[in-house]
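Worksheet: one structure, shown below.
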Amino acid sequence: MHDRKYGGSRGQLLLRQLRAVAQLGQDATRSTNLVSLLQRATELVALEQPVELCGVLQLMPDRTHLVLVAGVGWADGLAGAARLDADVQSQAGFTLLERETVLVDDLLRERRFSASPLLLEHGARSGMGIAILVSGRPWGVLGAHACSVRRFTQDDAQFLRSVAQILAATIERLAMQQAVLDSIRQRRELQPIADLESWVHDPVTDRPTCSDQGFTPFRTRPQRLGGRKGHSLAPVLPQDRERYVAAMRADTDQRVDVVRVSAIVNGRFSLIAP
């Protein structure tokens, strides 16, 4: 049996696809740019199937539509702008609900869903698509389409599934890495709050006094901050210090544990206006 386009055997095509998937997997483990990897994946699918159109659609937060975020064969300017419905009457929406690759022999004769105008405008006739599942939830769709009537095989479906699984794993990994970076950044921004310590109004002296109880969440002690307690107002912007102390003094019954800030300016805090 001969390959559709390259003139080689079907076995040679499958071997080429296996090697392509392996290379994509290696690239994915080193990738830090998701859009670049998605584009690389669509180029690989378009080359190794081969097909005229390939694209990755990302499901938007409202879950009513998808956006073409990477692809091959589409008109200029569509990547990042083309929107498709995600309802079950559309091919993309139908694919999102399926756990297996959806194969289409002829879009013009398809009865399970309606072909999108975007595909028809680009001359698509046959195709296949599979949901990209991240942590078991649909993230988007990887699709490949030919501009002629063609019967895709289970080998084709497995190839597309392998690529989608690599993309899903990479999306999840990058999301986890970003969450860690966000957590580190947030902790760095919040750490200076420890300098404010916790203040208690002393009704005997009518002055705010410092308590080290506020350091518990930071697992540190006042003496480790390299300054005397009398310097604890340093992180507050000068124009806010009088109002901060007044707020502490006015609260005669409760210790102020949380300092509310509206902005961090050059490492100092601007208090929320009363």
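The values are calculated or read from the model by the stated rules, or taken from the named source; none is laboratory data. It should be emphasised that the depicted structure is a prediction, and the values quoted were computed from it without experimental measurement. Reconstructed Cβ throughout: ideal geometry from the backbone, glycine too, with neighbour counts over all protein chains shown.
Quick notes
- Residues that are within 18 Å of Gln58 (Cβ to Cβ) and either assigned to a helix (DSSP H, G or I) or among the aromatic types (Phe, Trp, Tyr) (or both), drawn from region 10-46: Ala28, Leu34, Val35, Ser36, Leu37, Leu38, Gln39, Arg40, Ala41, Thr42, Glu43, Val45
- A residue that is modelled with pLDDT of 90 or more and within 13 Å of the chain's Cα centre (by Cα) occurs nowhere in region 144-166.
- Of the residues making up region 22-54, those that are crowded, with 21+ Cβ neighbours inside 10 Å and either without any contact (Cβ under 8 Å) to a residue 24 or more places away in the chain or in contact with a Phe, Trp or Tyr (Cβ under 8 Å, 6 or more places away or on another chain) (or both) are Val45, Glu48, Gln49, Leu53.
- Long-range neighbours under 8 Å by Cβ, at least six apart or interchain, first residue not assigned by TED's automatic domain parsing to the domain that holds Leu96 and modelled with pLDDT of 95 or more within region 55-77, second crowded, with 19+ Cβ neighbours inside 10 Å and not in a strand (DSSP E or B): none
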